[in-house]
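The values are calculated or read from the model by the stated rules, or taken from the named source; none is laboratory data. Model, not experiment: these values are computed from the prediction. Note that each Cβ is placed from the backbone with ideal geometry, even for glycine, and that neighbours are counted across all protein chains shown. The area values use the complete protein model at the heavy-atom level, side chains included, leaving out ligands, DNA and RNA. Shrake-Rupley method; radii C 1.70, N 1.55, O 1.52, S 1.80 Å.
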Amino acid sequence: TPADGTKVLVTGRISVYEPTGNYQIYVDEMLEDGVGNLYVAFEKLKEKLTKEGLFDQKYKKPIPKYPEKVGVVTASTGAAIRDILTTIKRRYPICKTYLFPCLVQGENAYMDIVKKIKQADQYGLDVLIVGRGGGSFEDLNAFNHEDVARAIFASSTPIISAVGHEVDFTIADFVADLRAPTPTAAAELAVPNTIELFHIIKQYKIRITKNIYEKLNYLRLSLDHIKNSFVIKNPELMMNVKKQKLDSLQEKLGRIIFDNVENVKRKYELLKNNYLLTNPYKLLENSKSKINLYIEKIRVINPLEVLKRGYSVIYKDHQMVKKIDELQKQDTIDIRLYDGIIEAQIKQIKEKKDGEKEEI
C-alpha cells in the first residue's frame, strides 16, 4: 500500500488526454524503492525535531562579521574543501582556517561527522562550516541523521551548513545557525570581502578627513574672530573703559557709605534729644501715676471692698448662691461678711409681693 513520501518504481504506459492535453500514466506494476524509505524517515525526523524546537529561530547564534578562525568539517579531498579554502583565501586572507576531515558518505559517516563537530567546538573557533559537495539523496543522508542534528544544536560555535547544492535540503540545514546553498556560498557567508572592507575603510577615511577639515576651518574662523575682536585690537581703550567703570563704582560706594553714616548720625541725634532720655525722672513720675490709677481700679472692683459696705455673699456646698430657687428649708449655708464667715440654717423662705420668694 503506497503512502505519502514513499518512492516507488512503476511499469506501464503513457497516454495523452486530448481534450486537455494532460499526460496520464497507466501503471501495470508498482514496487517500493529503497530511497522512498529514506524520505519517510527524513520527514518523521524533521517533524520530531520541529516539535522539540531544534529549528526555532530563537536558538540561532549570530555569525561574527570579522572572524579570526574558521573551521571546516568535510572531506579532506574533493571540490567542497577546495572551493571553501580558495574562497576564504581570496576574500579574507588574514583569517586562519582549520580543517577537521571526516567521512561524508556511507553507513557510519554520521558518527565521524558528530565526532569532528564536537572536536572543532573545543578549538575556540569563531565559526564552523559543516558540509560536503553535491550528490544524490542517498549520498547526503549522513547529514540527515538525528545525532548530527543534535551535535550541531549543542555546539557553542556558530555553524554554517553547506550540504549539496541549492535545491538540496538536509536536517543539518534546518538545525544549523545559517544555511548556505553551496560550500562556496558558505565561505562567502563566513568571512567578509577584503575589497569591500577596503572600500568601507576608504569611506571612513574620507569622512574623518572631512570632519577634521571642517573642525580646523571652524577653529580658524574662531581664531580670526578673536584676533579681530575689539578687545584684542584696542586693549588700552578697553582698559580705560574698565577703569572708568571702576571709578564710577568707587564713587557710588563712597556715596552709599557716606549716606549710611549720615543716617546713623541722625538717628543718634534723635535718640540723644529724646524727651524720655533727657527727662528720666518725669518718665518715672508718669509711670507711678499710671500704676496708682491701675491699683485704684483694682481696689474698686475688689469684692472685699464691696463687703466693707455691708454686703454679704451666701455659699451653699462651697458654691455661690445667686438665686433664691437654689435654696430649700433646712439647708445649711455659709454667709461671707467682710471680717468672717457665719454658718446658718434656713428656717423659712417667704415670697415677695411681686411673686418672688424672699429669703429669711
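Here is how the numbers come out for the structure above:
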item: Qualifying position, being in contact (Cβ under 8 Å) with a residue 12 or more places away in the chain and open to solvent by 20 Å² or more (accessible area, probe 1.4 Å), among Lys89, Lys115; result: Lys115
item: Sole residue being at pLDDT 80 or above and assigned to a helix (DSSP H, G or I), chosen from Tyr281, Tyr268; result: Tyr268
item: Failed item in (1) touching a Cys at 6+ places or on another chain (Cβ under 9 Å); (2) of a type outside the set (D, E, K, R); (3) surrounded by fewer than 17 Cβ atoms within 10 Å (Cβ to Cβ), with Val191 passing the rest; result: (3)
item: Odd one out for Ala142, checked against (1) touching a residue at least 12 places away in the same chain (Cβ under 8 Å); (2) within 44 Å of the chain's Cα centre (by Cα); result: (2)
item: Residue in segment 4-21 that is under 23 Å from Val175 (Cα atoms), surrounded by 12 or more Cβ atoms within 10 Å (Cβ to Cβ) and not basic (Lys, Arg) present; result: yes
item: Residues of segment 69-86 satisfying the condition of being open to solvent by 40 Å² or more (accessible area, probe 1.4 Å) and within 15 Å of Ile159 (Cα to Cα); result: Lys69
item: Counted residues, segment 284-320 - those being in a strand (DSSP E or B) and of a type outside the set (Ser, Thr, Tyr); result: 5
item: Any hit, segment 160-179, residues being under 19 Å from Pro67 (Cβ atoms) and of a type in the set (Ser, Thr, Tyr); result: yes
item: Residues of segment 158-177 that turn out to be open to solvent by 10 Å² or more (accessible area, probe 1.4 Å) and either among the basic types (Lys, Arg) or touching a residue at least 60 places away in the same chain (Cβ under 8 Å) (or both), as a count; result: 3
item: Residue that is modelled with the highest pLDDT [pool: residues in segment 330-339 that are surrounded by 10 or more Cβ atoms within 10 Å (Cβ to Cβ) and part of a loop (DSSP other than H, G, I, E, B)]; result: Asp331
item: So Val114, is it at pLDDT 95 or above, under 17 Å from Ser156 (Cα atoms), assigned to a strand (DSSP E or B) and not hydroxyl-bearing (Ser, Thr, Tyr); result: no
item: Asp83, sole failed condition from (1) without any contact (Cβ under 8 Å) to a residue 40 or more places away in the chain; (2) of a type in the set (Asp, Glu); (3) under 15 Å from Ala187 (Cβ atoms); result: (1)
item: Hey, Leu125 modelled with pLDDT of 95 or more, among the hydrophobic types (A, V, I, L, M, F, W, C) and open to solvent by less than 70 Å² (accessible area, probe 1.4 Å) or not; result: yes
item: Residue satisfying all of: in segment 340-352; modelled with pLDDT of 85 or more and not small (Gly, Ala, Ser); nearest to Lys308 (Cα to Cα) among these; result: Ile341
item: Of residues in segment 92-112 being farther than 29 Å from His199 by Cβ and of a type in the set (Phe, Trp, Tyr), the one surrounded by the fewest Cβ atoms within 10 Å (Cβ to Cβ); result: Phe100
item: Unique residue being surrounded by 15 or more Cβ atoms within 10 Å (Cβ to Cβ), among the aromatic types (Phe, Trp, Tyr) and modelled with pLDDT of 95 or more when the list is Phe153, Phe137; result: Phe153
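Here's the yes/no breakdown for (1) within 22 Å of Asp126 (Cα to Cα); (2) in a loop (DSSP other than H, G, I, E, B):
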site	(1), (2)
Pro2	no, yes
Val10	no, no
Ile14	no, no
Thr20	no, yes
Glu47	no, no
Thr50	no, no
Ile63	yes, yes
Pro67	yes, yes
Val72	yes, no
